[in-house]
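*Asks:* Structure in structure tokens, see below.
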Number of protein chains: 4
Amino acid sequence: MIKVGVVGATGYAGEEVIKILINHKGVEITELSAVIDKEEPISSIFPVFKGRLDLICHKPDAQKMAKNIDLVFLALPHKVSMEIAPVFLKAGKLVVDLSADYRLDPGVYKVWYGVEHKDTANLPQAVYGLPELYHDEIKKAKLIANPGCYPTSAILGVAPAAREGIIDKNSIIIDSKSGVTGAGRKPDLALSFGEVNENLKAYKVNEHQHKPEINRILSLVAGSAIDVVFTPHLIPMNRGILSTIYMKLNKKIDTKAAVDLYKKFYKGKPFVKVYDEGKLPQIKDVVFTNFCDIGVKVTGDTLIVIACIDNLKKGAAGQAVQNMNIMAGFDETEGLM
Amino acid sequence: MIKVGVVGATGYAGEEVIKILINHKGVEITELSAVIDKEEPISSIFPVFKGRLDLICHKPDAQKMAKNIDLVFLALPHKVSMEIAPVFLKAGKLVVDLSADYRLDPGVYKVWYGVEHKDTANLPQAVYGLPELYHDEIKKAKLIANPGCYPTSAILGVAPAAREGIIDKNSIIIDSKSGVTGAGRKPDLALSFGEVNENLKAYKVNEHQHKPEINRILSLVAGSAIDVVFTPHLIPMNRGILSTIYMKLNKKIDTKAAVDLYKKFYKGKPFVKVYDEGKLPQIKDVVFTNFCDIGVKVTGDTLIVIACIDNLKKGAAGQAVQNMNIMAGFDETEGLM
Amino acid sequence: MIKVGVVGATGYAGEEVIKILINHKGVEITELSAVIDKEEPISSIFPVFKGRLDLICHKPDAQKMAKNIDLVFLALPHKVSMEIAPVFLKAGKLVVDLSADYRLDPGVYKVWYGVEHKDTANLPQAVYGLPELYHDEIKKAKLIANPGCYPTSAILGVAPAAREGIIDKNSIIIDSKSGVTGAGRKPDLALSFGEVNENLKAYKVNEHQHKPEINRILSLVAGSAIDVVFTPHLIPMNRGILSTIYMKLNKKIDTKAAVDLYKKFYKGKPFVKVYDEGKLPQIKDVVFTNFCDIGVKVTGDTLIVIACIDNLKKGAAGQAVQNMNIMAGFDETEGLM
Amino acid sequence: MIKVGVVGATGYAGEEVIKILINHKGVEITELSAVIDKEEPISSIFPVFKGRLDLICHKPDAQKMAKNIDLVFLALPHKVSMEIAPVFLKAGKLVVDLSADYRLDPGVYKVWYGVEHKDTANLPQAVYGLPELYHDEIKKAKLIANPGCYPTSAILGVAPAAREGIIDKNSIIIDSKSGVTGAGRKPDLALSFGEVNENLKAYKVNEHQHKPEINRILSLVAGSAIDVVFTPHLIPMNRGILSTIYMKLNKKIDTKAAVDLYKKFYKGKPFVKVYDEGKLPQIKDVVFTNFCDIGVKVTGDTLIVIACIDNLKKGAAGQAVQNMNIMAGFDETEGLM
């Protein structure tokens, strides 16, 4: 039994981490914190926890929190994590950071997030927490850079084709559609019901901060530089990301062969399901689960991949717990089925 | 052709007023203002107006605005209107105020809105702008207190029964369900998509600030004090209010007789439709229209009335234009069909 | 470990029963059936079950199914259950029926469901499966009439007041708002997205078939005849029921006393949470859980109760499993937390 | 004043045609028909028309209807229109067909719609009713093949680039997202609220029947064969289509130049708005209007175009009226602003 804390417990990802951990057999939640006006039980903030978790949610005090945990989840906005993570690392605690702060090289980070990186000391030891690609590294990691929601669906959708070299690396187009919780829990006119409902928009077209993250990992997977075209869209639903991915094939291959290639790549990975030829996943197949469901289709010289996840589970909190499971030696699926 | 201005042009109600006026044959929109960071064409703020209205939306300057208009719509938050309305009234302009500032006696206002009324000089001349009840007064008015969205549906649903004295005046229960735009266009976590969608709540149960407004008008209609029970609910949809109203009958009457009584009461009113026995309105029957649709049913000694409106039309902007039409001598339905 | 079957596995309630049972430690799902065109794995019908439950969903054959189960859930439309339940009962199997077929006296059943009851032999032994009221009877039952979704929220909201005799029994008004899955999974224009979304309606006003069910149980609770006014509304959301209940108090009592009375009534009931004075539940507090959250408020001589449930969990599948847990001697909350 | 009929008056497109025509100064609606159980006023079917249009909606009888109209809108399912259109054409009436029946060559039609074309006699005279491309032909037409909703957004988004030859014609990828009313008004489990809400799916990936329509027109525009990749997606909203279009540029060009090219192409077209550099349209900018709003962006060698329409207005009923306006000599925008 390990002791676990959650920083940023009142956001969507923080709440989801707690929901998962409550039913996890290997952990005890011992600390919660968030930027709040008054300290009160988490069950007062989220009544759904009444009678199940009555822990006080404190204002942030990393030093103090570190004394009472073995592992911490940082469910924080970008730029905040890198100020707090060092405290836990110095105290010898394991850190799973759900923000973008440890996902990029410092130079790229500055370009996309607009500030100098403040923890270049720990950055080199951060492991990108996509277990389907980096299981062994995660096992030994002290600091996990938990992937972004868009990158999780995009990378899992492209990786088999990129690794096997069946596509033109300059042809990758990722058209992603996301539910609204992906943008976080905060007052923001652009996220208000009246603006989002019965609406639909593309935003930050090929300029979203998740693009360099996708490029970095896919380049590593492919063994040479990849630069994708990436368009995120905001969809009037709470949860879920569906990425429709278009790639030009550099060799003749039919749908069956492409499906087989994807199935082989993800063999033994408990949270990726590749659909049989002729079937495609939809959001309702994955919502509230930690699965990434993938459909594959070849049409002419185009390989089309549909990759679906729940943005708060496999795209954030679920994957974070999956990483913890691997780090702490639990079964990879514990608490996630 | 009269010249019209809109203060608060960037809110939901302000935008809706503009949408209606663009197609109104008797007016020219000459002035727009709102609390904004930079002055730009309204068509940059709402692209839907591109090519149809390219007027600059200015920062508020009532003095200056008053020189270039005959009538002004104040689509402002409560407490702000009463600071600006006197400027226009002093300049001899007609004012239609969509806020709550001129709907209540000063004492009641202070209790429910928490501040002293700042324009008690003009308050006595304000006419409650519900044309189905106060058509003649509106015709001569200089200052209209445009009704709230909940009160419009509640009062129109109860008025015939209260006037005719067929109900126990202490038995009125108004259970109202509203779309989200009724709360205005602003950053607010409680109005964000992630909080409202797939959710439903009652709020301010019998403590909502529209309760004294409903009580005041219904008491005037009935000729004696009425105190309703009023519960508003927030529904995951953009527009529309449906009020389900329960009243104890003080005499035996069947559905047909009740329907007839309601039909007679609203005879000749262009924007109220009373449904035949056995039929009930729903939101989709009124959304994007200025109509209030009413269904009536007697069951045992209970009179149930369903009253539906679009909260931004009959519940705000549409009714405001209806009032303007009456004040300015246009056909009551001009621009609203 | 008991063997369990689900008849009607492809409806919303059937799917939900399976989702719960997959994580239940005491049962093995051995049989699934539904009216389908071709027999295929349930994981082909609902991909979410891939890799977790690959059982074939058969066409209905109760005789055959009965040989391979200890307990069956009938997630069937009204009128169908009573044709199938006798087969299982005769074979000595436990039956939890989610339809309305065993909830009413045969005379009342005929009035509201339009047909003669076809299994009057077993009807007398059916126990109404609301564990908060009938725990001991459920323990000994062979046949459970699992409550309807509306009745669950309505009865739990009224029962404490009715039992304690603090209300006028002729004054109960239940204004219920339900998500769309409550109506079942079927092609129906009235349930299509284009008709339901951005809409809201009252329907079957005081004529809904759940009214006699509410009346029957509340009359038993109160010890004398109760006839409620009941208005259901259809809300554009997938899941959840919120019932706003209005009752006239027959004695002076404040909110605190009313809250205490409700808390005392539900003391020790694991799935009912009564909120502290000043707090009210909303749908998001209960959705995807088996809880009924209740808020209580006194205003003048009116007692207002807000009762929230997830219609597919506490309102159907969750309550069905709760009943099974009690019948089979499992912990009442097993699989439901 | 011309006399107009609507066949298929109870579908979403038919209802929308009526809504537009009610406010059209040049027409009188004289005939309505639909496949219905009993003939009743359209205002009983759609209460929103009460007091505004009380015409009886008849069962279909084209012969009889033809005697009382000058022009007919066929808002019918595919395969039905081609059985009815000849009756009206023979009687010398103008026909605007909203189905797909007159949009393709008979051979292609058979491949995609699965049946032989039944009116090859009139097919050759059908004019594709996209006024931005075929204004002069529409003016002289007797029979309009009103474009599909997806094709309208796709073709308007690609046409300027295809005509000017700045793109690789084999590189066009059209990723379209549509609201649910695009699929028609009918009982269908796949369109039910419980299946569509909080869900999102791609469907008929590069196999949708609108693909040959897009290919046909774009090939004509480009002057050589074009074969697009087209993926439609179903979005949980009532109305609107947003197409995100990706094309490889065959020459170096920046966003400004691309925007200028699009603006020039659509100069003088009243219903197409090309956005300035750096701005992109969203659904709420066009919903309930007849506009197609287009945003253009160049990134590397990729031209990205976002084209938005309301699927029931510019994608169906609005465009149909726009075609009527041109055919009948009205102002092109009459009834549509």
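The values are calculated or read from the model by the stated rules, or taken from the named source; none is laboratory data. Owing to the predicted nature of the structure, the values given are computational and were not obtained by experimental measurement. Every residue, glycine among them, receives a Cβ derived from its backbone with ideal geometry; neighbour counts consider all protein chains shown. All accessible areas refer to the heavy atoms of the entire protein, side chains included, with ligands and DNA or RNA removed. Shrake-Rupley method; radii C 1.70, N 1.55, O 1.52, S 1.80 Å.
*Asks:* Could you list the square roots of 5 times each eigenvalue of the Cα gyration tensor of the stretch D:149-311, that is, the equivalent ellipsoid semi-axes, sorted largest first and rounded to whole Å?
*Replies:* Listed largest to smallest, the semi-axes of the stretch D:149-311 are 27, 17, 14 Å.
*Asks:* While we're here: Using a basic spin-label model with each label point 7 Å from the Cα along Cα→Cβ, how many nm lie between B:K59 and A:D276?
*Replies:* Result: 6.7 nm between the two label points.
*Asks:* If you put a point 7 Å past Cα along the Cβ direction, how far is that point for D:A257 from the same point in each other copy, in nm, smallest first?
*Replies:* Output for D:A257: 3.9, 8.2, 8.4 nm, nearest copy listed first.
*Asks:* With every protein chain present, what is the per residue accessible area of chain D (1.4 Å probe, Å²)?
*Replies:* Per-residue accessible area for chain D comes out at 35 Å².
*Asks:* Suppose we compare each residue of the stretch C:216-239 in its chain alone and in the full protein complex with a 1.4 Å probe; which ones drop by at least 30 Å² of accessible area?
*Replies:* C:V229, C:H233, C:I235, C:P236, C:M237, C:N238
*Asks:* State the percentage of accessible surface on the stretch C:39-81 attributable to carbon and sulfur atoms; use a 1.4 Å probe and exclude ligands, DNA and RNA.
*Replies:* Answer for the stretch C:39-81 is 53 percent, counting heavy atoms of protein chains only.
*Asks:* May I pose another question? Return the carbon/sulfur percentage of the accessible area of the stretch D:187-337, one whole number, probe 1.4 Å, all protein chains in place.
*Replies:* The value for the stretch D:187-337 is 50 percent carbon and sulfur by accessible area.
*Asks:* Just to be sure I understand: if you take the accessible area of chain B alone plus chain A alone and subtract the pair, with a 1.4 Å probe, what total do you get in Å², rounded to 100?
*Replies:* Using a 1.4 Å probe, the pair buries roughly 1500 Å².
*Asks:* How long are the three semi-axes of the equivalent ellipsoid for the protein assembly as shown, computed from the Cα gyration tensor as the root of 5 times each eigenvalue, in whole Å, largest first?
*Replies:* 44, 43, 34
*Asks:* With θ set to phi - 60° and the Karplus curve 6.51 cos²θ - 1.76 cosθ + 1.60, what are the ³J(HN,Hα) couplings of the stretch C:6-23 in order, to the nearest whole Hz, using x for Gly and Pro?
*Replies:* Each residue of the stretch C:6-23 in turn: 10, 9, x, 6, 9, x, 4, 5, x, 4, 5, 4, 4, 4, 6, 5, 3, 9 Hz.
*Asks:* Still on this structure, please answer the following. Given the DSSP H assignment, sum -39500 (n - 2.57) over each helix run of at least 4 residues in the protein assembly as shown and divide by its residue total; what's the result at 222 nm in deg cm²/dmol, nearest 500?
*Replies:* -8500 deg cm²/dmol
*Asks:* Over all residues in A:283-289, what is the mean tally of Cβ atoms on other chains that come within 10 Å of each residue's Cβ?
*Replies:* 5
*Asks:* Now for a separate question. What is the angle, in °, between the Cα long axis of helix A:131-140 and the longest principal axis of the Cα atoms in chain A? Nearest 10 is fine, range 0 to 90.
*Replies:* So the inclination is approximately 40 degrees.
*Asks:* For D:D136, place a label point 7 Å out from Cα along the Cα→Cβ vector, do the same in each other copy, and report the separations in nm, one decimal, smallest first.
*Replies:* Computed spacing set for this position: 6.5, 7.0, 9.3 nm.
*Asks:* Now, a different point. Quick query: amide H of A:L76 versus all other amide H atoms, modeled in the peptide plane; which residues come in under 5 Å with a sequence gap of 5 or more or a different chain?
*Replies:* Amide H to amide H, under 5 Å and 5 or more residues apart or across chains, A:L76 pairs with A:L98, A:S99.
*Asks:* Cross-link list B:K169/C:K252; B:K273/C:K201; B:K211/B:K251: which exceed 24 angstrom alpha carbon to alpha carbon?
*Replies:* Beyond 24 Å: B:K211/B:K251.
*Asks:* Could you state the angle between the C-alpha long axis of helix D:318-328 and the longest principal axis of the C-alpha atoms of chain D, as a value from 0 to 90 degrees rounded to the nearest 10?
*Replies:* Value to nearest ten degrees: 70.
*Asks:* Which ³J(HN,Hα) values, rounded to whole Hz and listed in residue order, are derived for the stretch D:290-295 from phi using the Karplus coefficients 6.51, -1.76 and 1.60 in 6.51 cos²θ - 1.76 cosθ + 1.60 with θ = phi - 60°, glycine and proline given as x?
*Replies:* 9, 8, 10, 9, 10, x
*Asks:* Where in the stretch C:84-183 are there GluC sites (Glu not before Pro) that are in a DSSP coil and have at most 12 other Cβ atoms within 10 angstrom of their Cβ?
*Replies:* C:E116
*Asks:* Taking amide H atoms as placed 1.01 Å from N in the peptide plane, list the residues 5 or more away in sequence, or in a different chain, whose amide H sits under 5 Å from that of C:C292.
*Replies:* Amide H neighbours of C:C292: C:V272, C:K273.
*Asks:* Name the residues whose placed amide hydrogens come within less than 5 Å of the amide hydrogen of C:I226, ignoring near sequence neighbours (fewer than 5 apart) on the same chain.
*Replies:* Residues meeting the criterion, in which the H sits 1.01 Å from N, are C:S219.
*Asks:* Does anyone have the angle between helix A:211-222 and the longest principal axis of chain A? Alpha-carbon axes, 0 to 90°, nearest 10?
*Replies:* The two axes meet at around 60 degrees.
*Asks:* Placing a label point 7 Å from Cα toward Cβ, how far apart in nm is A:K38 from its equivalents in the other copies, listed shortest first to one decimal?
*Replies:* Computed spacing set for this position: 4.3, 6.1, 6.3 nm.
*Asks:* Another question, if that's okay. Could you sort the peptides D:89-96, C:96-103, D:210-217 by per-residue average Cβ neighbour count (10 Å cutoff), highest mean leading?
*Replies:* Answer by packing, highest mean first, reads C:96-103, D:210-217, D:89-96.
*Asks:* For the protein assembly as shown, give the share of DSSP beta bridges that are antiparallel, in percent and rounded to the nearest 5; count only bridges with both residues there.
*Replies:* Given both bridge residues lie in the protein assembly as shown, the antiparallel proportion sits at roughly 45 percent.
*Asks:* Which order do the peptides D:2-15, C:309-322, C:183-196 take when ranked by the mean count of other beta-carbon atoms within 10 Å per residue, highest first?
*Replies:* So the peptides D:2-15, C:309-322, C:183-196, ranked by packing, come out C:309-322, D:2-15, C:183-196.
*Asks:* What does DSSP give for chain B in terms of the percent of beta bridges that are antiparallel, rounded to the nearest 5?
*Replies:* 45
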